[in-house]
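*Asks:* Sharing a structure here in structure tokens format.
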Amino acid sequence: MTAIRQPFLSASALDKTFVLHAQGGQQLAVMRGLELSLAPGECLVLAGRSGIGKSTLLKMVNGNYRVSGGRLTLHFDDGELALSDLPAQAWHVLRRDVIGYVSQFLRVVPRVSAREVVMEPLLSRGIDTDEARQRAETLLARLNLPRRLWDLAPGTFSGGEQQRVNIARGFIAEHPLLLLDEPTASLDAANREVVVQLIEEAKARGTAMLGIFHDEDVRERVADRLLPLEGHMLGAGEPAPLTEPSALTPASCSAPASCSAATPSARHSTPQEPLS
Amino acid sequence: MKCPQLTRPALLEARDITRLYGRDQGCQDIDFTLHQGEVLGIVGESGSGKSTLLRVLSGLEAPDRGRVVYHTGEAGSVGGNPGKDEALDLYAISEARRRALLRMEWGLVHQNPRDGLRLGVSAGANVGERLMALGQRHYGDLRAAGQDWMGRVELDPARIDDAPRTFSGGMQQRLQIARTLVTEPRLVFMDEPTGGLDVSVQARLLDMLRTLTRELGLSVVLVTHDLAVARLLAHRLMVMRRGRVVEAGLTDQILDDPQHDYTQLLVSSVLTP
């Protein structure tokens, strides 16, 4: 990436802090001063050891986590849109039309067949059922999901089968921004190859992608750039001391020396992945 | 690409609503806007004021203070001016007009289907009744609509002449939903629609409600104490405690990144099998 291109997504001085009320209001700072810029047709891969909180960034871009400080911005042709403090109704539209998310685990809806799970992003845009079905089946076939599973709810599928349903659901709607949280983690070589192809096709369409890949081979093939997070993600130090709310403002948050032993996922007893 | 249209027209506004039966009993200072096509979940423990709020919003009980405003949309409203978008103050219009709204443009799904059905008359008549209120009289059409809707809620259309009292609880609930949605209302209020049902029946009902809200573009106010139900159905949540809203926002945000100490407690108290 030598040419300077207008980014589609950018982050500036981005912070994330969790406040744990059950632990006496303890503040868990997990990200400080993150900067990123992602252009259309580019795949930026988040680098850093496991548990550092890479998924946290994806969840902020997808709206699951709030932005504690700094800016997260989408750059449209007709202007910028700041993602912090958007009303809920704006997120519905963004997730339908702009931001796609392949989460690590499929949120299974009882009784909904694999085919329908994949069709849903298209149906929510009002695309005709026949066309949605055809596109879903094409993708499921490419990902080698056995045809006999298409009519079944994915609840009883293996991890790899569920992941392929999730990937098909994430890629079908061709969102201009795609967040990929370890899409190849439980796939065999043949299916990893299909995912690499899907990513390359998405790049060719101009999709901007932000991804996490633990598989080095896949990472090297799809990444245009790496974004090292060590300097910004504070997932593994000592617990930050209880501070006044004013200390949350970006200006006064110059990298606390210490951070927590607890990982963000220890906050709730029920970490859950979003369906949409 | 250009930024998509991010706002949708308002359908229902609650402006500083308070309805109290005693100290912290009822709901107070509730203020929000429901937009077209949005499913709003109201969650909280029993006694948090959810059902009181639903009664006020749906025209069943006047608030002590505050206003409920309904936007009729381009098509206008029953008893109003067709083709004119009006903002109706729910408790300033006449009782007759409020009832007409509830009968024709709104729907109310009770927790207990026996509150929403007429148990002594046939399933088909239950579904047809709201259509008759809209002026449909053709017997064949009413019966066809009854059979069509029984099929859509996965009831056997051959049982159209059976009385709901011969149905199981889950079947009664699906019949109540068919009866409510047959008139294709713009706005539906649901009070714990899956409460009291077996989990297998609940899953079926949830799947059905998800599909119907998407297909009909319904706006829904859904009261539930079940966060899993809220996650599946609601776009947006309001968390209530002691009559007040303690936190509101995008469903995923409330459940994945709760800010208020009560919401954190609520989310961390859920059992996941």
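*Asks:* Listing B:Ile17, A:Ile52 from the residue with the fewest other Cβ atoms within 10 Å to the one with the most, what is the order?
*Replies:* Numbers: B:Ile17 23, A:Ile52 20.
Going from sparsest to densest Cβ surroundings: A:Ile52, B:Ile17.
*Asks:* Still on this structure, please answer the following. Please give the contour-minus-distance gain from B:Lys84 to B:Leu119: 0.36 nm per residue of separation, less the Cα-Cα distance, rounded to one decimal in nm. Walk me through the numbers on the way to the answer.
*Replies:* Working: separation 35, 0.36 × 35 = 12.60 nm, distance 3.84 nm.
Computed gain between B:Lys84 and B:Leu119 is 8.8 nm.
*Asks:* Once you sort the root eigenvalues of the Cα gyration tensor of the stretch B:117-165 as a ≥ b ≥ c, which label holds: rounded (a/c under 1.5), prolate (a/b larger than b/c) or oblate (the other case)?
*Replies:* oblate
*Asks:* Is the stretch B:132-273 rounded, prolate or oblate when judged by the Cα gyration tensor, a ≥ b ≥ c being the square roots of its eigenvalues, rounded requiring a/c under 1.5 and prolate requiring a/b larger than b/c?
*Replies:* Verdict is prolate for the stretch B:132-273.
*Asks:* Please give the contour-minus-distance gain from A:Asp217 to A:Gln6: 0.36 nm per residue of separation, less the Cα-Cα distance, rounded to one decimal in nm.
*Replies:* Values: separation 211, 0.36 × 211 = 75.96 nm, distance 2.88 nm.
Additional length available on full extension: 73.1 nm.
*Asks:* When the label point is put 7 Å from the Cα of B:Ala96 along its Cα-to-beta-carbon vector, which residues of the stretch B:118-158 have a backbone N closer than 17 Å?
*Replies:* B:133-135, by backbone N distance to the label point.
*Asks:* Between A:Arg147 and B:Arg23, take the C-beta separation as r, use R0 = 60 Å, and let me know the FRET efficiency to the nearest 0.05. Don't jump to the answer; show the numbers that get you there.
*Replies:* On the way: r = 62 Å, r/R0 = 1.03.
Between A:Arg147 and B:Arg23 the formula returns 0.45.
*Asks:* I would also like to ask the following. Could you work out the relative contact order of the stretch B:230-273? I mean the mean sequence separation of Cα pairs under 8 Å and 6+ apart, divided by the number of residues, in percent.
*Replies:* Over the stretch B:230-273, the number comes to 29 percent.
*Asks:* Among A:Asp97, A:Asp151, B:Asp257, rank each residue by its count of other Cβ atoms within 10 Å, from fewest to most, as a rough exposure measure. Please report the intermediate quantities before stating the final value.
*Replies:* Working: A:Asp97 19, A:Asp151 10, B:Asp257 25.
Lowest count first: A:Asp151, A:Asp97, B:Asp257.
*Asks:* Sorted from largest down, what three extents in whole angstroms do the Cα atoms of chain B have along their principal axes?
*Replies:* Ordered largest first, chain B gives principal extents of 55, 53, 50 Å.
*Asks:* Taking every residue in B:198-206, how many Cβ atoms of other protein chains lie within 10 Å of its Cβ, on average? Please report the intermediate quantities before stating the final value.
*Replies:* Values: counts 0, 1, 2, 0, 1, 6, 2, 1, 4.
For this peptide, the per-residue mean of nearby foreign Cβ atoms is 2.
*Asks:* A follow-up question, please. Would you give the gap between the C-alpha center of the stretch A:13-65 and the C-alpha center of the stretch A:158-188, rounded to a whole Å?
*Replies:* 21
*Asks:* Can you tell me the dipole magnitude for the protein assembly as shown around its Cα centre, using point charges on the Cβ only (Lys, Arg +1; Asp, Glu -1), in Debye to the nearest 20?
*Replies:* Details: 61 positive and 67 negative charges, 198 e Å.
It works out to roughly 960 debye.
*Asks:* Only counting other Cβ atoms within 10 Å, I'd like B:Leu233, A:Leu20 sorted with the fewest neighbours first. Walk me through the numbers before you get to the answer.
*Replies:* Numbers: B:Leu233 22, A:Leu20 19.
So the ranking, lowest neighbour count to highest, is A:Leu20, B:Leu233.
*Asks:* For the stretch A:107-173, take the convex hull of the Cα atoms, compute a quarter of its surface area, and give me that in nm², please. Intermediate values should be presented prior to the final figure.
*Replies:* Details: hull surface 15.8 nm².
Result: 4.0 nm².
*Asks:* Longer than 24 Å from Cα to Cα, which of A:Lys59/A:Lys203; A:Lys16/A:Lys203; A:Lys203/B:Lys2 are they? Say none if no pair is.
*Replies:* Working: A:Lys59/A:Lys203 21 Å; A:Lys16/A:Lys203 29 Å; A:Lys203/B:Lys2 19 Å.
Over 24 Å apart, Cα to Cα: A:Lys16/A:Lys203.
*Asks:* Please go through the stretch B:1-48 and write out the trypsin sites (Lys or Arg not before Pro) that DSSP classes as loop and that have at most 13 other C-beta atoms within 10 Å.
*Replies:* Working: sites: B:Lys2, B:Arg15, B:Arg19, B:Arg23; in loops: B:Lys2, B:Arg23.
Hits after loop and neighbour filter: B:Lys2, B:Arg23.
*Asks:* To continue, here is another question. Given points 7 Å out from each Cα along the Cα-Cβ axis, report the A:Asp130 to A:Glu201 separation in nanometres with one decimal.
*Replies:* Distance between the two pseudo-spin positions: 2.2 nm.
*Asks:* Return the average number of partner chain Cβ atoms within 10 angstrom of each residue Cβ along peptide B:243-255.
*Replies:* On the way: counts 0, 0, 0, 0, 0, 1, 6, 12, 7, 13, 9, 2, 5.
Whole-number average of other-chain Cβ neighbours for B:243-255 is 4.
*Asks:* Ok, one more. Relative contact order for chain B using alpha-carbon pairs under 8 Å, separation at least 6, rounded to a whole percent? Kindly include the intermediate steps, with their values, before the conclusion.
*Replies:* Working: 507 pairs, mean separation 64.5, N = 273.
Across chain B, relative contact order equals 24 percent.
*Asks:* Would you work out the relative contact order for the stretch A:107-173, in percent, from Cα pairs under 8 angstrom that are 6 or more residues apart? Can you show the working numbers first?
*Replies:* Values: 73 pairs, mean separation 34.1, N = 67.
Reported relative contact order: 51 percent.
*Asks:* Let me know the charge dipole size of the stretch A:45-114 about its Cα centre in debye, to the nearest 20, where only the beta-carbon of Lys, Arg (+1) and Asp, Glu (-1) is charged.
*Replies:* Numbers: 9 positive and 5 negative charges, 110 e Å.
For this selection, approximately 520 debye.
*Asks:* Aspartates and glutamates near B:Lys50 by alpha-carbon distance under 14 Å, same-chain residues fewer than 8 away left out - which ones?
*Replies:* Leaving aside aspartates and glutamates fewer than 8 places away in the same chain, those within reach of B:Lys50 are B:Asp24, B:Asp29, B:Asp31, B:Glu61, B:Asp191, B:Glu192, B:Asp226, B:Glu247.
*Asks:* Something else about it: Shielding of B:257-270 by partners, i.e. mean partner chain Cβ atoms within 10 Å per residue? Intermediate values should be presented prior to the final figure.
*Replies:* On the way: counts 13, 6, 4, 2, 5, 1, 1, 8, 2, 0, 5, 7, 3, 4.
Rounded to a whole number, the mean comes out at 4.
*Asks:* Here is a further query. Across the Cα atoms of the stretch A:61-114, what radius of gyration and what greatest pairwise Cα-Cα distance (Dmax) are found, in Å?
*Replies:* Rg and Dmax of the stretch A:61-114, Cα atoms, are 13.9, 42 Å.
*Asks:* Extent of the protein assembly as shown along each principal axis, from alpha carbon coordinates, in Å, largest to smallest?
*Replies:* Taking max minus min along each principal axis of the Cα atoms, the protein assembly as shown gives 71, 56, 46 Å.
Bear in mind these aren't lab numbers, they're just calculated from the coordinates by the rules spelled out. Here the structure is a predicted model, which is why all the values come from computation and not from measurement. So basically every Cβ, Gly included, is an ideal-geometry build from the backbone, and we count neighbours across all protein chains shown.
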